[in-house]
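The values are calculated or read from the model by the stated rules, or taken from the named source; none is laboratory data. Please read these numbers as outputs of a predicted model, since none were measured by experiment. Quick reminder, even Gly has a Cβ in these numbers, built from the backbone with ideal geometry, and neighbours come from all protein chains shown.
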Amino acid sequence: MPEPRRYVLTGAPGAGKTSVIEALRHRGHVTVREAATDLIAERQAQGYAEPWYDHGFVDAVAALQHHRQAGADARQPVQFYDRSPLCALALARHLGRPIGPVLTAEVDRIMRERTYQRVVFLISPLGFIRHTAAR
């Protein structure tokens with residue numbers, strides 16, 4: 001069985017990536033949720049107001065993204081991902097954080113295995129933002 005074609009959706013926070021992912025899921029496509037937002041919500045529930053400043057946050061995002069990718073149904077020929085480890089790499093650079101070992105290994109792996117399609121869907125902002133604890 002050939003590897004699935006994995007497409008990444010990316011864009012600014014609040015652009016509508018999750019809305020697009022949900023629409024694709026409702027149409028029967030395999031989709032994988034973004035990891036960072038879920039980790040933020042989890043850590044804020046534990047009392048950390050701004051978990052993205054925690055030293056290991058970006059590595060935790062990369063680890064959860066990998067776990068979710070590994071759990072996606074490989075029998076489905078097309079999959080859509082709300083962000084990717086390359087987005088986590090951009091986040092680390094934006095925050096001025098060193099690139100940790102988990103993220104380094106994950107970026108190396110996806111480059112070596114060509115995990116994602118070279119075509120990336122950049123979602124333009126919808127014109128409004130649904131406020132959440134993560135943004």
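To keep it simple, each residue is scored yes or no on (1) in contact with a strand residue (DSSP E or B) (Cβ under 9 Å, 6 or more places away or on another chain); (2) within 24 Å of LEU103 (Cβ to Cβ).
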{"position": "GLY14", "(1), (2)": "no, yes"}
{"position": "GLU22", "(1), (2)": "yes, no"}
{"position": "ALA36", "(1), (2)": "no, yes"}
{"position": "GLY71", "(1), (2)": "yes, yes"}
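Just the residues that are within 22 Å of HIS66 (Cα to Cα), out of contact with any Lys or Arg (no Cβ under 7 Å at 6 or more places or on another chain) and either without any contact (Cβ under 8 Å) to a residue 12 or more places away in the chain or among the hydroxyl-bearing types (Ser, Thr, Tyr) (or both), please, taken from the stretch 10-24. THR18, SER19, GLU22, listed by residue number. If you go through the stretch 31-89 and pick out every residue that is hydroxyl-bearing (Ser, Thr, Tyr) and under 14 Å from ARG6 (Cα atoms), you end up with 3. Does GLN69 satisfy being in a helix (DSSP H, G or I), modelled with pLDDT under 95 and more than 19 Å from TRP52 (Cα to Cα)? Considered against the rule, which asks whether it is in a helix (DSSP H, G or I), modelled with pLDDT under 95 and more than 19 Å from TRP52 (Cα to Cα), GLN69 comes out as yes. Scanning the stretch 99-117 for residues that are of a type in the set (A, V, I, L, M) and touching a Pro at 6+ places or on another chain (Cβ under 8 Å) turns up LEU103, VAL107, ILE110.
In the stretch 13-65, which residue that is outside any helix (DSSP H, G or I) and basic (Lys, Arg) is modelled with the lowest pLDDT? The selected residue is ARG33. The residues of the stretch 1-11 that are under 16 Å from SER124 (Cα atoms), part of a strand (DSSP E or B) and in contact with a Ser or Thr (Cβ under 8 Å, 6 or more places away or on another chain), listed by number, are VAL8, THR10. Of the set (1) within 14 Å of the chain's Cα centre (by Cα); (2) at pLDDT below 95, all apply to PHE80 but (2). If only residues of the stretch 12-71 that are in contact with a Ser or Thr (Cβ under 6 Å, 6 or more places away or on another chain) and hydrophobic (A, V, I, L, M, F, W, C) are counted, the one that is surrounded by the most Cβ atoms within 10 Å (Cβ to Cβ) is ILE21.
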